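A.B. asks: There's a structure below that I have some questions on.
The values are calculated or read from the model by the stated rules, or taken from the named source; none is laboratory data. All values derive from a computational prediction rather than experimental measurement. In this analysis, Cβ positions are derived from the backbone assuming ideal geometry, glycine residues included, and neighbour counts consider all displayed protein chains. Accessible surface is based on the protein model in full, side chains and every heavy atom, while ligands, DNA and RNA are left aside. Shrake-Rupley method; radii C 1.70, N 1.55, O 1.52, S 1.80 Å.
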Amino acid sequence: MPEHQNIEYKQSWHDDYLKWVVGFANSQGGTIYIGKDDHGNITDVPDYKKLMEDLPNKVRDVLGIIVDVNLHENEGRHYLEIVTPPYAVPISLRGVYYIRSGSTKQELKGNALMEFLLRKTGKPWDGIIEPSATINDIDTNAVNYYLNASEKSGRLPVFEDISLPELLEKLRLSEEGKLKRAAIILFGKDPGKFYPNMIVKMGRFGISDDDLKFQETIEGNLIHLLQEVPGILNRKFFTKAVSFEGLSRIEKGEYPVAALREMLLNALVHRDYMGSAIQIRMYDNRFCSWNEGLLPQGLSLESLKRQHPSRPRNPLIADVCFKGGYIDAWGRGTLKIINSCRDAGLPDPEIIEQDGGILVTLFKERFNETALKKMGLNERQMKAVQYISEHGSITNTLYQHIFTVSKATATRDLQYLEHKRLIINKGTKGSSSKYELKG
């Protein structure tokens, strides 16, 4: 079994591995096997007797927690199992905090550390009271716009003759008359006065990052940004305007509306609001959005490609946006981005962690070399796609002839292109199989 979220293999013990114990304690718990290689094969631990006595005491004395240390033997070779349960309180090694993310250990610093410590107290960042904020810091125009949207969604009860303080209390954005951070983010007149980088930066580039054509910057509360950013993109960035209201509408030759809308919503709702500004970059062949903040604990990049639970970084902000009809509560945002690209005949989007945040990239052209490489195509397959694009179709026999390969190799290559939804078999079989680009 390979290493993963809850398993780590080490061939021998070093005190530095206390960091891994801390990472498991601060995450979902896990097991360190001492005496196994990276593939899980037993390598033996000669000093197992001493370690059985030393390790429980060392973990207790240095970290202040209790772990189970178990001895196992297989065909005369011994290995240890250090089982660390998850802890509700934050655990550190000499004042340094670590978590487990995927199969890696990560040291927490800055905003990530602050967010982690807050989460351990049971309060998210957006649920903290902002002591210097008053009701006068709330933009009533943004509130009214939101109420109109929520009325259309049918997710928020109709409150007749309700005052602004009462509404904020109902939305759980205030407590005993004091505003929470989420209230400022959503409806603040000048949220930048309280938190840095309440900004969305947009840049139009050529092929590369050093070819900046022009840029736009807009700042304000989340509701304001949801209104203004799409308008700027339509007026100054897209060659063909799209309607961000019609999620089922697909613009041929443009980026899917649903993907663009979900990218913006995800960036605004799930960002780290103490970090850098949201960045939207448009190139000749791709469209990107980046927001500060890595994936929540328990989610991986792979899980975003399938059904997964909703674990919002900012649960109050997410809840208000749900009631306003902007997002759902089922963790389907990334699936909407992926599926809308597929429905539009575009390559799957790329979603990666980069520079402390999440970068989402849509590819405008189905058959550009960069997109095809990201799909795992070899040189033959990329040339085959180009050939079909120019000549309309290709057969298995012709594939064999062009690339000097066997029928079995041609079949495997073509089946992979089918799997990637790039081509379609037009009903024939064998060497005469005719393939065309999938519409």
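A.B. asks: So which chymotrypsin sites (Phe, Trp or Tyr not before Pro) in region 333-439 end up in coil per DSSP with only 13 or fewer other C-beta atoms within 10 Å?
C.D. replies: Sites meeting the loop and neighbour criteria: none at all.
A.B. asks: Note down the relative contact order for region 309-439 as a percent, whole number, built from C-alpha pairs under 8 angstrom at least six residues apart.
C.D. replies: Taking the mean separation of contacting Cα pairs over the length of region 309-439, I get 15 percent.
A.B. asks: Taking a 29 Å limit on the Cα-Cα distance, which of the listed pairs LYS236/LYS438; LYS189/LYS364; LYS305/LYS438; LYS364/LYS434; LYS19/LYS420; LYS170/LYS236 fall beyond it?
C.D. replies: LYS236/LYS438; LYS189/LYS364; LYS19/LYS420; LYS170/LYS236
A.B. asks: Among ASN6, GLY35, ASN74, whose Cα projects farthest towards the positive end of the dipole of region 1-102, with charges put on the beta-carbon of Lys, Arg (+1) and Asp, Glu (-1)?
C.D. replies: After comparing all options, I get ASN6.
A.B. asks: Measure off, as a whole percent, the carbon and sulfur share of the 1.4 Å-probe accessible area of the chain, all protein chains present.
C.D. replies: Roughly 48 percent, rounded to a whole number.
A.B. asks: Related question: Given Cβ point charges of +1 (Lys, Arg) and -1 (Asp, Glu) and nothing else, what value in debye, to the nearest 20, does the dipole of the chain about its Cα centre take?
C.D. replies: About 1340 debye.
A.B. asks: Next question. When the helices in the chain are scored as -39500 (n - 2.57) per DSSP H run of 4 or longer and the sum is shared across all residues, what 222 nm value do you end up with, to the nearest 500 deg cm²/dmol?
C.D. replies: For the chain, the value works out to -10000 deg cm²/dmol.
A.B. asks: Using the heavy atoms of the protein chains alone and a 1.4 angstrom probe, what is the accessible area of the chain per residue in square angstrom?
C.D. replies: Value returned for the chain: 49 Å² of accessible area per residue.
A.B. asks: Hey, what did region 203-352 get for relative contact order, percent, Cα under 8 Å, at least 6 apart?
C.D. replies: 21 percent
A.B. asks: So which aspartates and glutamates can LYS193 reach, going by Cα to Cα under 13 Å and dropping same-chain residues fewer than 8 places off?
C.D. replies: Excluding near neighbours in sequence, the set is GLU130, ASP137, GLU219.
A.B. asks: Let me check against my output: what whole-number percent is the relative contact order of region 40-95, with C-alpha pairs under 8 Å and at least 6 apart?
C.D. replies: 35 percent
A.B. asks: For the chain, the longest stretch holding no GluC sites (Glu not before Pro) located in a DSSP loop with at most 14 other Cβ atoms within 10 Å is which?
C.D. replies: That gives 246-439 as the longest site-free run.
A.B. asks: Run through region 67-119 and list the trypsin sites (Lys or Arg not before Pro) located in a DSSP loop whose Cβ has at most 13 other Cβ atoms within 10 Å.
C.D. replies: Those satisfying the criteria are ARG94, LYS109.
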